[in-house]
Each structure stands twice: as structure tokens, then as C-alpha cells.
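Values in this text are rule-based calculations from the coordinates and carry no lab data. Note that this is a predicted model, so its numbers are computed, not measured. Virtual Cβ from ideal backbone geometry, glycine too; neighbours counted across all protein chains shown.
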Amino acid sequence: MLPDTASSFSEPDHHTPKWGLAAVSGILGWVLDAFDFFVLVFLVDVLAVHFHVEKQAIVWTITLTLAMRPVGALLMGTLADRFGRKRPLVACVFYFSIITALTPFAPNYGVFFLLRALYGIGMGGYWGVGASLVMETTPRRWRGLMSGILQGGYPVGYLLAAIALRSIEPRFGWQAMFLSGLFFAVVIGALTIGAPESAAWELHRLPSVAQIFKTLWQHKRGFAYLLLVMSVMTCLSHGTQDLYPDFLKTAHHFSNRTVSTLAILYNCGAIGGALIIGHFSDAFGRRRTIMAGLAVALLAIPAWAFGGTLAMLMAGSVLMQFGVQGAFGVIPAHLNELSPAAVRSLFPGFVYQLGVLIGSPSVSIEYALRNHLGYRWALTLFEGCVIVALFFIFGFGPERKGLNFFARSPEEGDNSSR
């Protein structure tokens, strides 16, 4: 059975007016995290030439980064549940930003490979801490909207990476793209330091790390279900995003400028989907709105993969990311509402990133299928199967929309719809 949090203490609406500062700092950190990740996605060809390796070797570092994320989630999530959200958040932002800045100065592919693994730890450590801070400080009536804004930070980071490809790379060189996030790391650190600590964490905090892991183990059945959710959702998100720029270059021979233009447009669609579907999840429920986003993505596949014109590909990619990130926009609220109160940083963060680990080969699987089926059919068959599987997973899954994070008893806190 999935866990309930524990009674009314006070509503998030009655928190300090600075709750918005906590939410903004958590969201901006996820934007920067995504930006640093997607910089590499746009530079696969350049990095392969620079390090004198095949493109496949660079693609494998994407898988490596995703695979290392649970390590960071386990470490940072545990620290955040024991010592509060703010300090681990600041440490994580500076850690992954410095690792990213060092990446273009790697003397060889081996060091580059190691840096991408270390970056994966920082990337994985951020989401659980940032999501718990945002969800716990947000007024309950706005939780779905803020969930969408938080998860929309991921395509915003993708969008900014696409803009950097057009603006920073031609003028300052590709190395500068890896350095451009350092200033924003300082800004995010300052915002987080000035933000309030989570009152929900203070209410439910456990006295030791041993108690934290004991609580995690006690809710293993709920963890297993959410792990399935995040494993398949990873295949959906990364399977539709990470190789798409290379698909546009390889299958359609588009220039970097055209690819970045399309990326900007479909990430605008992704941001819109996360905000709109996340917002409507407060009214219509988490599962229903997630499945609505999945339906949009399924309908977009023909134009997204087989579009014969630039306009058709544009429409397909915008609709695809509207649906994919719309479904993902509900995930922060959904996971936090289904998590135990005392481990609301470790539980959703670890399950999220462990799901990323399990789903991380999706990019390499799609790339390998391309050699047998062609790029179009590889993307279509893989993502079609993923979307159908997610309909069943969410259709028969639980939901606790509107759960009171300040509840001391399940009866007072649970507004679930199961």
C-alpha cells in the first residue's frame, strides 16, 4: 500500500510570505540543471571530433549521466530529510555547475567520461530536494500549477541550451556553452539562502539517518510502484528528447540553426504543456491529466517522426513535447503526494532517479534500433510502446491529490482519489 503522510498543522497558505522565494530557488536550480545536461545533447558531433571518438561514445555518456543520478538522489535526499532542504540544495547547485564548467577542459575522452559521471551525481541529487522544497512551501490550492512550473523548468533548460547554440557557440566557441551556467549558480545559491526552510520538514523530521532508511524500507511496496512509473516515464521523456536533434540532422540534414529553431519551438510547447496540464491536474486529478498528456503525445507521433516538411515536423514536435512534458508536469505533485512525510526528499527523489537509471538505456536502444529499422520507425515503435504501457500504469494506479503535507494522521491529511 502506498504511504499516507501524517494532520492538520496549518495550511501552506499560512506560511511566511517568503514561500515564493523558496519555490523560485527550487525551480531555477532545475532549469540550470537541465541546461547543463542538454548543452551536451547539442554538441554530440563536436565532442566526437574533439575527443577523436565515434558519436556512439558520446551518446553513451548521456546514458552514463542518467545512470549516475540515483547516487546523487540517495546522498542529497538523505541529507535533506535529516538536515533540511536549503543547505543540500545550495551544495548541489555549486557542485554540478563546477563539474560542468570543467568539462570542456578535459584533456582526453577518459577524463570527459569521468566528469559526465560526476555530473550525473549532481543532476540526480537536485530534483528530490528541489521538488520537496517547492511542493512543501507552495499553497495546496496551487500545488498542481507549481508542479507544472517546476517540471517545466526542464524544457526551459533545454530551450536555453538551444538558444546558447545559436548565440554563444558561434561567437565564443562551444566550450563557452559549458561555462555559461556559473553565474546563475551563484544567483540560485543566494536565493536559496534567503528562502525559508520547509515547515513541513521541520514538523516531520526524523532523529537519525537510520530512521530515514527504516521509513524508506517500510514503504517498499509504494516505492516499487512509483519506480515502475518513473522507469517508463524516463523512456518517454528522454526517448523523445535526447536523440531528436540528431534525428533532425541525420534524417533531414538540417543545419544547427534550423535544429536549434525547432528545439526552441518544441520546448515552448513543452513548457506550455507542463503549465497547462499541471494546472488542470488540481481540478481533474493527477492520473486523468497525465493520461490526457499521453494521448496528445500518441496522436503527435506521425507528424513528429514521419513529417515530410519542416512545418509538419514543427507541428509534430511541438505537440509531442506538449503532451510529454504536460504529463511530466504533474509528476512532482503526484510523487510528493504519494510519498511518506518524513522522507519526502529522499523517497520521491530516489525513486525518480532510480527510474532514470532503469530507463537510461532507452537512448542507446533507440540509437541501436535506428541501424535496423531506420530513425523514423525506431522512434515510432519505441515511443508507441512506452505510451501504451503508461496508460495501463496510470490507469490502474493510486492518487492522493490535495494531500495535506501538514497532517499528523492519514485520516485528516488524505484527500485521496483512489
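Counted by neighbouring Cβ atoms within 10 Å, the residues MET314, MET177 run from fewest to most as MET314, MET177. In a reduced charge model with +1 at each Lys and Arg Cβ and -1 at each Asp and Glu Cβ, the chain shows a dipole moment near 140 debye about its Cα centre. Put in line by how crowded their Cβ is, counting other Cβ atoms within 10 Å and starting with the fewest, TYR352, TYR375 read TYR375, TYR352. Pairs of alpha carbons in region 256-386 separated by more than 25 Å make up 33% of all such pairs. Taken as Cα centroids, region 57-135 and region 276-316 sit 29 Å apart, rounded to the nearest whole angstrom. Of the two radii for region 52-156, the radius of gyration is 1.06 times the Kirkwood radius, both from the alpha carbons; that is the Rg over Rh value. Legend: Rg and Dmax of region 12-413, from Cα coordinates, 19.9, 61 Å. Computed from the alpha carbon atoms alone, the convex hull of region 22-76 holds 81 Å³ per residue. Cα-based radius of gyration for region 154-233, normalised by 2.2 N^0.38 Å, reads 1.73. Spin-label model, ALA311 to LEU206: label points 7 Å out along the Cα-to-beta-carbon direction sit 5.8 nm apart.
The tail of the calculated P(r) for region 232-295 beyond 13 Å holds 70 percent of all Cα-Cα pairs.
Between ALA368 and ILE98, the contour length at 0.36 nm per residue exceeds the alpha carbon distance by 93.9 nm. Ordering ALA80, GLY120, ALA164 by the projection of their Cα atoms onto the charge dipole of region 12-413, which places +1 on the Cβ of Lys and Arg and -1 on the Cβ of Asp and Glu, puts ALA80 at the extreme positive end. In terms of other Cβ atoms within 10 Å, SER281, SER25 run from fewest to most in the order SER25, SER281. Near GLY84, once Lys and Arg are set to +1 and Asp and Glu to -1 for all other residues with Cβ below 13 Å from its Cβ, the sum equals +2.
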